[in-house]
Amino acid sequence: MTTTAEQLSATTLLRFATAGSVDDGKSTLVGRLLHDSKSVLTDQLEAVEHASRNRGQEAPDLALLTDGLRAEREQGITIDVAYRYFATPRRRFILADTPGHVQYTRNMVTGASTAELAVVLVDARNGVVEQTRRHAAVAALLRVPHVVLAVNKMDLVEYAEPVFAAIAEEFTAYAASLGVPEITAIPISALAGDNVVEPSAHMDWYGGPTVLEHLETVPVSHDLTGCHARFPVQYVIRPQTAEHPDYRGYAGQIAAGVFRVGESVTVLPSGRTSTIEGIDLLGEPVDIAWAPQSVTLRLADDIDVSRGDLIAPVDDAPAVTQDVEATVCHVADEPLTVGRRVLLKHTTRTVKAIVKDIPSRLTLDDLSQHPAPGKLVANDIGRVVVRTAEPLALDAYADSRRTGSFLLIDPADGTTLSAGMAGASFAAAEEPPAADDDAEWDF
């Protein structure tokens, strides 16, 4: 007999994020999803009902299932990224409920950075607003492959099809211009439960899926085996025991692609080449390994390999560079300025670096570029040119979200300053001009 654990292990996992303007009903939608999919424990529901009664509400406020901070409940808004885990018989989910305020854009970047789908909510009474366009731009910037437009509060516009159609047309045109590959529009009422888990009885003109049905059936691109093979080295295993006197293995998690015994590989940034002599998985030798397995690779030659190096196929290796041109979202309260000395963390490698130039700052409302801003403050998104002290094997973020992303870190206290995405901002974006040389920190 198949157990529940076996059923869940056989289902796929979908990571998705919700976003929208203030009071569009994100947290209510998430609460409705959890409640109607029977993913709320009895004591949780009782606590929400009790808190709702204390606030003078007759029906339970399902938004309280996700707005857990005291400040969030007092103001009726979302501030932090709330992660929720739930499952249906068809799929497992990790949900990131992100805030809608402009000053919390960095929180949305955090929540959507690993998402495979973004649910953007729009109030049917207000239509597409600046914050809606901002969230669509962030989803496109982070290369989220699937976007759902949830037109909420349809009950307040009498479930009118023309209202939904006009909003869906405007948003779809805008998101498509940003390079979003797939957009699905769904009319809902999170408060009443229309088209969230169960089909609505008030919108017979809509024949598409409910939100949960779409989440359960949307294709999930977990198959990283077709991507460029990349193996960041985390640790060198050299036991030097009587049983394993000459064992030398390189442990880590395969970021993308497939590695096979006998394959010719190169170690970057040194460029030395060798052949995979063996692959150990959970202490047992295997002939093939793929992402995201954690394995130990053994090479035929004793070459210098250490933590932070990247192993890749000889004929499909990334370019090695010390000049990184990227789009960053600045997440720290302290500004990022030209000439700032930072640490750049890419996969398992951390190197010294300096911000050589900030060519432009992106305004997400209208996608306009503000040239030479001089600095980026919290929640700003802009183009930067960073010079590193040591070469990096960096992919474009459009090719690999794992090996095309990096962090800029304050070397003084380890605070994360910015989250970076190498390469062009959007699919049709032009590369910024190269920065002038700087005499300081001669790398």
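Summary of computed values
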quantity: Hull-based mean projected area of the range 85-169, where the convex hull spans the alpha carbons, in square nanometres; calculated: 6.6
quantity: Nearest-0.05 FRET efficiency for residue 166 and residue 284, computed from C-beta distance (R0 51 Å); calculated: 0.30
quantity: Inter-centroid distance (Cα atoms) of the range 259-331 relative to the range 131-149, Å; calculated: 32
quantity: Estimated inter-spin distance, residue 277 and residue 337, nm [label 7 Å along Cα→Cβ]; calculated: 5.3
quantity: 116, 263, 277, reordered so the largest accessible area comes first (probe 1.4 Å); calculated: 277, 263, 116
quantity: Percent carbon-and-sulfur accessible area, the range 320-434, ignoring ligands, DNA and RNA, probe 1.4 Å; calculated: 51
quantity: Mean shadow area of the range 317-402 over all directions, Cα convex hull, nm²; calculated: 5.9
quantity: Equivalent ellipsoid semi-axes - Cα gyration tensor, the range 267-327, angstrom; calculated: 24, 15, 10
quantity: Modelled FRET efficiency - R0 25 Å, residue 156 with residue 205, Cβ distances, 0.05 increments; calculated: 0.90
quantity: Accessible solvent surface per residue of the range 101-214, calculated while the other protein chains remain in place, 1.4 angstrom probe, Å²; calculated: 37
quantity: Solvent-accessible surface ranking, highest first, for 338, 119 at 1.4 angstrom; calculated: 338, 119
quantity: Rounded to the nearest 10 Å², the accessible area of residue 194 at probe 1.4 Å; calculated: 10
quantity: Set of lysines near residue 375 by C-alpha distance (under 29 Å), chain-local residues within fewer than 8 positions excluded; calculated: 345, 352, 356
quantity: Protein-only accessible surface order, largest first, of 205, 290 at 1.4 Å; calculated: 290, 205
quantity: Rg over Rh, two decimals, the range 339-386 (C-alpha only, Kirkwood Rh); calculated: 1.04
quantity: Mean shadow area of the range 112-263, taken as a quarter of the surface of its Cα convex hull (nm²); calculated: 13.1
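The values are calculated or read from the model by the stated rules, or taken from the named source; none is laboratory data. From a predicted model like this one, the values you see are computed outputs, not experimental measurements. Counting neighbours? That spans all protein chains shown, and the Cβs are built from the backbone with ideal geometry, glycine included. Just the protein is used for accessible areas: all its heavy atoms, side chains included, with ligands, DNA and RNA removed. Shrake-Rupley method; radii C 1.70, N 1.55, O 1.52, S 1.80 Å.
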